[in-house]
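Right, one structure below, let's go through it.
What follows is calculated from the coordinates using simple rules that are stated; it is not laboratory data. Quick caveat, the model's predicted, so the values are computed rather than measured. Here the Cβ is made from the backbone with ideal geometry for all residues, glycine too, and neighbour counts use every protein chain on show.
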Amino acid sequence: MTSLSVGLPAHNEAANIGPMVDMVREKVGPLVDDLEIIVLDDGSSDGTGEVVRRLAEDDPRVRLIRHPVNQGYGAAVRDALWAATKELVFFTDSDRQFDIGEIDRFLPRIGEADLVIGYRYARSDPWHRRFFGNGWSWLVNLLFGYTARDVDCAFKLFRREILDAIEVRSGGAMFSAEFLVRAKAAGYRIVEEPVGHYPRVAGSQSGARPDVIFRAFRELFKMRWAMWTGR
């Protein structure tokens, strides 16, 4: 029996979240025996939470968790994942830039690893986001040894037990890097799988603010120093 929690962080995704939940139900539901869909509304101001609340009223598999104020992407992912109750946990973004049906290639591979993580083979983002994303993954791999080809790719499947075994302190843009580095350091096996990446069909991207980027770099080097010194 396969039980799966799907975590969907969302901030001002009222135009996307309904179709995204429908996509999870239609494409993932038939692949598992027990499905849970957790939407973390990260202080949205556009009615995202109300859309999810109505969906949850009609489908008990849908759960809504709300941050009263926006806490940032990392905190939204973290709180969605740690609320998961099923044996396997998966998360992706709510902006419909991934085809969640590609999880059908990830589920069989969980038998050979503890985490199956995606990498975007043709990232559909502006050049500057691709540039910074590639640079970030390169830096993480340089500092911690090879961890992932696409560290921040929001298409990750893993065993729920990992969340009980590691502590991830970052609630900011460093979340994915810390999660993967700590899982690898704890001895969990990671395999990678390519995924498609598509343009947004609704809503708009929000670029990271300079203070968010600075915080991510500060936390990255702080973690590297702590792991070197054993603190």
Could you list log10 I(q)/I(0) for the range 1-73 at q = 0.23 Å⁻¹, which the Debye formula gives when each Cα is one point scatterer?
-0.97
Quick one: Debye curve from the C-alpha atoms of the chain, no solvent, what's log10 I(q)/I(0) at q = 0.11 Å⁻¹?
-0.52
Zero-based 10 Å bins, Cα pair distances in the range 60-111, whole percents:
17, 47, 31, 4
Count charges around residue 137 for me, please; just the other residues with Cβ under 9 Å from its Cβ, Lys/Arg as +1, Asp/Glu as -1.
-1
Total formal charge among the other residues, if their Cβ is under 10 angstrom from that of residue 92, Lys/Arg +1 and Asp/Glu -1:
-2
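Going by how many other Cβ atoms sit within 10 Å of their own, how do 120, 66 line up, fewest first? Before the final figure, lay out each step's value.
Working: 120 22, 66 16.
Lowest to highest Cβ neighbour count: 66, 120.
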Greater than 20 Å apart at Cα, pairs in 86/156; 27/86; 27/184:
27/184
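Please arrange 32, 52, 151 by how many other C-beta atoms lie within 10 Å of their C-beta, fewest to most. Don't jump to the answer; show the numbers that get you there.
Numbers: 32 20, 52 30, 151 24.
Placing the least packed residue first, the sequence is 32, 151, 52.
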Within the set of other residues whose C-beta is less than 12 Å from the C-beta of residue 161, count the net charge using Lys and Arg as +1 and Asp and Glu as -1.
0
Compactness relative to 2.2 N^0.38 Å, alpha carbon Rg of the range 116-197:
1.07
Based only on other Cβ atoms within 10 Å, what is the fewest-to-most ordering of 31, 142?
142, 31
Structure-based [θ]222 nm, the chain - -39500 (n - 2.57) summed over DSSP H runs of at least 4, per residue, nearest 500
-11500 deg cm²/dmol
Have a look at the DSSP beta bridges in the range 1-124 and tell me what percent are antiparallel, nearest 5.
0
Rounded to the nearest 5, what is the percent of antiparallel bridges among the DSSP beta bridges in the chain?
25
Roughly how tilted is helix 48-58, in degrees to the nearest 10 and between 0 and 90, from the longest Cα axis of the chain?
50
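Hey, could you get me the Stokes-Einstein D for the range 69-168, Kirkwood radius over alpha-carbon pairs, 4 °C and 1.567 mPa s, rounded to whole µm² s⁻¹? If you can, show how the numbers build up before the last one.
Details: Rh = 15.0 Å.
After rounding, the answer is 87 µm²/s.
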